[in-house]
Every structure is written in C-alpha cells, then in structure tokens.
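Visitor: One structure, pasted below without further comment.
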Amino acid sequence: MLIGQEQAEAIKLEIGAAFPGIVDDLETQVAGRDLRTGLLRRTTVDADAVRAALQGPLTQILDGLESVLERTPPELAADIADRGLMLVGGGALLRGFDQLIRQRTGLAVTIADEPLITVARGAGLALEGLHHLTPARRRRRR
C-alpha cells in the first residue's frame, strides 16, 4: 500500500515505536493506493507493522551514529561518554528511540524538551555564526 509522507509521519507519531513492548496493542486506520490493484483502499495497521516498517531506516541511523562515534576525536568522545547524547528533531518524537540508541551504544540518551524547536534554534544559531566558518582568505577577497 502506498501512502503519503504526511500520513506516514502521523502514523509514526500515533502508534509508532522504535523499541518493542511500548505500544504493541495500538492500531490505526490508513488510506492509500493498493499497489496490486491500483485502487484506493483503507485498512488497519498495527504497531507491529509500523515498527517493522521503521526497522530499515532506524538501522541506517544507528549504523551512521556508530560510524560517527568511531571517528570522534578523543576529547569529544570523552565529553560524549560523560554527558551522553541529546535527541532533537522529529526522530526524538518516536517512542523508544532513546532506548534503542542507549541499547546499541551504551551511552546515556536525553530527549530535548522541545525537539522540533531545538532544531530550528540550532539552525538559527549556526546561521548567525556562519561568518566564523568562512575561510579567512575567502573573507579577504570580498
């Protein structure tokens, strides 16, 4: 069944979980196009089906996280080991994602109070400080 991105996001937030045992008894209705017949259809999906659909992307995220941690300079790695990781953005809203990361990495994981706003604030601060990241020789040419 083919569904839109907005509906997939709503389902993820409504009954999705990254870790088993959190929302196993939940289900919801989903509408989309049946890929076999090409016709529009409505069906019920349960939390197990949603968790199964999320496994591929979650595995990619965790593999990427491990790769970054393996290449982290020792000074930063020590800080991460002491303070742990902070989840921000839409992924932080997925139930149990913090537990999954904790289980895979052994690190403490905290979810930001306002994960979506935290991303926007961080992007704004990065843009404000962008001039500090521009190489000196490029700045002199202006």
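The values are calculated or read from the model by the stated rules, or taken from the named source; none is laboratory data. Keep in mind that this is a model prediction, so the values were computed, not measured. Neighbour counts are summed over all protein chains in view; Cβ atoms, including those assigned to glycine, are modelled from backbone coordinates with ideal geometry. Quick note on the areas: whole protein, heavy atoms, side chains included, nothing else; ligands and nucleic acids left out. Shrake-Rupley method; radii C 1.70, N 1.55, O 1.52, S 1.80 Å.
Visitor: Output the residues belonging to the stretch 55-104 that are surrounded by 11 or more Cβ atoms within 10 Å (Cβ to Cβ) and among the small types (Gly, Ala, Ser).
Guide: Within the stretch 55-104, Ala77, Ala78, Ala81, Gly84, Gly89, Gly90, Gly91, Ala92, Gly96 qualify.
Visitor: Only helices (runs of 4 or more DSSP H) wholly contained in the stretch 88-137 count here; list those with 1 or more residues that are touching a Gly at 6+ places or on another chain (Cβ under 7 Å).
Guide: Here the list reads 97-105, 115-128.
Visitor: Which one is modelled with the lowest pLDDT among residues in the stretch 1-23 that are in a loop (DSSP other than H, G, I, E, B) and open to solvent by 70 Å² or more (accessible area, probe 1.4 Å)?
Guide: Narrowing the stretch 1-23 to residues in a loop (DSSP other than H, G, I, E, B): 1, 3-4, 16, 18-23.
The next check asks that each one be open to solvent by 70 Å² or more (accessible area, probe 1.4 Å); those that pass are 1, 20.
Values: Met1: 89, Pro20: 83.
Among them, the one singled out is Pro20.
Visitor: Just wondering, is there one or more residues in the stretch 33-43 that are open to solvent by 70 Å² or more (accessible area, probe 1.4 Å), more than 23 Å from Asp98 (Cβ to Cβ) and in contact with a Leu (Cβ under 8 Å, 6 or more places away or on another chain)?
Guide: Within the stretch 33-43, the subset open to solvent by 70 Å² or more (accessible area, probe 1.4 Å) is 33, 35-37, 39-42.
Adding the requirement that they be more than 23 Å from Asp98 (Cβ to Cβ) leaves 33, 35-37, 39-42.
With in contact with a Leu (Cβ under 8 Å, 6 or more places away or on another chain) added as a condition, the list becomes 33, 35.
Yes; the residues of the stretch 33-43 include at least one that is open to solvent by 70 Å² or more (accessible area, probe 1.4 Å), more than 23 Å from Asp98 (Cβ to Cβ) and in contact with a Leu (Cβ under 8 Å, 6 or more places away or on another chain).
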